[in-house]
Every structure is written in structure tokens, then in C-alpha cells.
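Everything below concerns the one structure shown next.
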Amino acid sequence: MATTICFIIWAVFITDSVWTRTVRQVYEVHDPEDWTVEDLDCPRECFCPPSFPTALYCENRGLKEIPAIPSRIWYLYLENNLIETIPEKPFENATQLRWINLNKNKITNYGIEKGALSQLKKLLFLFLEDNELEEVPSPLPRSLEQLQLARNKVSRIPQGTFSNLENLTLLDLQHNKLLDNAFQRDTFKGLKNLMQLNMAKNALRNMPPRLPANTMQLFLDNNSIEGIPENYFNVIPKVAFLRLNHNKLSDAGLPSSGFDVSSILDLQLSHNQLTKVPRINAHLQHLHLDHNKIKNVNVSVICPTPTAWPADQDSFRYGPHLSYLRLDGNEIKLPIPMDLMTCFRLLQTVII
């Protein structure tokens, strides 16, 4: 028994010694003679990992101000603090910054000094989600590639805000307070390389005007959009992923060609007011139409063929490309016609 107790005490001592030594190696302040440049310029409120000298971790520390950022820093983490302002001074030497995360703070537009962000000539990613912004901040650095502004109070986009952001590929404005009057015809002018635009969970009643031609992903879920203008998709010929779930779209509000757009691969129209399946293109792969008011499904829309519809499956040899179809939550009458069942069997997934 005594031997067992001694062994346990020895094991605990050894384990504690190893753990303490490991913690000291990572966190303990070095002897002044061993201090490096990284130790000397690291803000005392933050953590500068020796193995990642270009990163500065200042998140979850209750900070009210941004500390002075060392010139060697590329990646800056300041999320989940109490920061209200972005002044120029902390960034005076931070000429190498590529990434700034300021999510979950209390930043307002009035708190952003005019040149604070535009002076960061190499900045690629800017995260300002969950703050108190009422308009898209401006001016921003020309180098920026991603701008994340979700869950603010943005209701305004000042004229010319995006005019110099030709490198921006992703703009996230979801869960804000955007109305139709927030957009002018030239609002998105300058965004030559924008690929993803997210404006879900706003208060839009119309489709945003004159989107950038390279837009591939357009997310407009959870608005109050009632219609889509004729030839709307001519301006965005590369759009591949289109989400319009939880809107107020009706059959009368769709263009005469419906969604017969060859670039669209994934189309989401769940939770709208459609009574029939809209026209689609043969290249479409995923179609979400659940929770509408659809009663009948035109088989020629889902499985288009160049010939009539005999019962044998060979008639479908030309298509469709559609592999996923969701129709649950509608008013589809049963039993389903044989030709429609034959069509459904060609798809990988059908939910009714």
C-alpha cells in the first residue's frame, strides 16, 4: 500500500513537472538576455506565438482600444473585445498587414478614422462582423479581396465606396438593414472581380441593380423580393449559385424565360409563393422548390427532351443534367403521373 502511494506521488510529481516545464516554455517570460525583437515589440495585452511570428492574438481580452501593431505582423486577431474606434495611429508601422479580424466589437462608422484602413496597402481580408456599423466603411484599401460586414446595422452604401476595389472577390452584407433605396445604378461599379455577393437577411423588395459581371454566387435569402426584372441575368452571365429562399416570389414576378440561364448550376427558391415549376436550363444540377404552392409538375420542364414522351426510358437519353430536386411542402396531387415518375427515376435525389 505504501509502495503504491509513493508511486502515485512520484507519478503526479513527474507529470506536474513536465506540464509546468511545457507551460513555461510556451508562456513564461524569458530572461532579459534571451529576449528577441518579437518579445520587445509584442503588446502586453496580446500574445505573440514564437512559432508564428507574423501573427498577433488580442482576442477575448476586454480591450477597449487597439494596441500599437508591430511592423512584422501580417495576421491580426482582435475579435470579441469592446473596441469602439479604429484610429490611424496603432497601424502606423503595420505596413505588412494582410488579415484583420475585428468581429464582435462595438465599432461605429464615426469611430473609424478616415485614413485608418485605406493606409493598409497590403490588406487582403477585413472582418467587421457583429459591430455597430450603419454604412459600409470608406475609404478602403485597393488591395482588399474579402470584406465581411455581416450582422451590423448597415442601411447605406455611400456613393463611390466600391469604385477602387477592383480586387474584391467576396462581399458579405448579410443580416443588415438594407432597403432598395440603398442602391444606385453605379453602386457596384468598380467591383470587376467580385465573385460572391451575400445580401441575405435584409429588407429588399427588388433585385439589386447592375451587379458586377463576374458574380458567380448571389445569395438573397430572407428578403421580401417579389419579382425579377426581364433579362436581369444578362448582366451577370457567370452566375452559377443563386439563392432566393424565403422571399415573396410568385409566378407573375418571374421573367418570361424563368431561370433558363445556362450558367446556373444551383437554384434555390424554397419558401416562396410559386404555383408551378419555373422554366430552367438543361445545365441546372440542383433545384430547391420546397414549401411553395406547387400543385402540378410539368414533366417537360424537369426532364426536357427533343422528342415526345414515350414510356420507355430511352427517350431521356439527352438529359437531364438535374441531379437533385426538392419539392416537399407543396400541394402536389397524388398519384404522380407515370411519365413524371420515369423522369424522377433519372435523378439522383428527389424529395417530394
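Identify all residues within region 40-58 that are at pLDDT 95 or above, open to solvent by 20 Å² or more (accessible area, probe 1.4 Å) and not in a loop (DSSP other than H, G, I, E, B); write none if there are none. Those that are at pLDDT 95 or above, open to solvent by 20 Å² or more (accessible area, probe 1.4 Å) and not in a loop (DSSP other than H, G, I, E, B): 47, 57.
For region 286-300, the tally of residues that are out of contact with any Gly (no Cβ under 6 Å at 6 or more places or on another chain) and buried (at least 16 other Cβ atoms within 10 Å of the Cβ) stands at 8.
The residues on offer are 270, 263, 256, and the sole one that is within 17 Å of residue 227 (Cβ to Cβ), hydroxyl-bearing (Ser, Thr, Tyr) and either surrounded by 17 or more Cβ atoms within 10 Å (Cβ to Cβ) or over 19 Å from the mean Cα position of the chain (by Cα) (or both) is 256. Among the residues making up region 299-315, those that are in contact with a helix residue (DSSP H, G or I) (Cβ under 7 Å, 6 or more places away or on another chain) and either modelled with pLDDT under 50 or assigned to a loop (DSSP other than H, G, I, E, B) (or both) are 303, 305, 307, 309, 311, 313. Scoring residue 218 on the criteria (1) in a loop (DSSP other than H, G, I, E, B); (2) over 19 Å from residue 156 (Cβ atoms) leaves a single failure, condition (1). Residues that are of a type in the set (A, V, I, L, M), more than 16 Å from residue 135 (Cβ to Cβ) and either in contact with a Phe, Trp or Tyr (Cβ under 8 Å, 6 or more places away or on another chain) or open to solvent by less than 40 Å² (accessible area, probe 1.4 Å) (or both) within region 156-211 comprise 168, 170, 191, 194, 197, 200, 204, 207, 211, listed in sequence order. Give region 337-352 a look and list any residue that's surrounded by 14 or more Cβ atoms within 10 Å (Cβ to Cβ) and part of a helix (DSSP H, G or I), or say none. If the condition is that a residue be surrounded by 14 or more Cβ atoms within 10 Å (Cβ to Cβ) and part of a helix (DSSP H, G or I), then 339, 340, 342, 343, 344 are the ones that fit.
Results for (1) out of contact with any Pro (no Cβ under 9 Å at 6 or more places or on another chain); (2) closer than 27 Å to residue 173 by Cα, shown as yes or no for each residue.
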site	(1), (2)
219	yes, yes
251	no, no
266	yes, yes
269	no, yes
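Going by what's in this entry, would residue 9 be described as over 30 Å from the mean Cα position of the chain (by Cα), open to solvent by 90 Å² or more (accessible area, probe 1.4 Å), more than 29 Å from residue 116 (Cα to Cα) and modelled with pLDDT under 95? Criteria met by residue 9. Taken over region 63-72, residues that are open to solvent by less than 50 Å² (accessible area, probe 1.4 Å) and touching an Asp or Glu at 6+ places or on another chain (Cβ under 9 Å) amount to 5.
The values are calculated or read from the model by the stated rules, or taken from the named source; none is laboratory data. For clarity, every value in this text was computed on a predicted model and none was experimentally measured. When we count neighbours, we look across all protein chains shown, and the Cβ atoms used for this are built from the backbone with ideal geometry, even at glycine. With ligands, DNA and RNA removed, areas are computed over all heavy atoms of the protein, side chains included. Shrake-Rupley method; radii C 1.70, N 1.55, O 1.52, S 1.80 Å.
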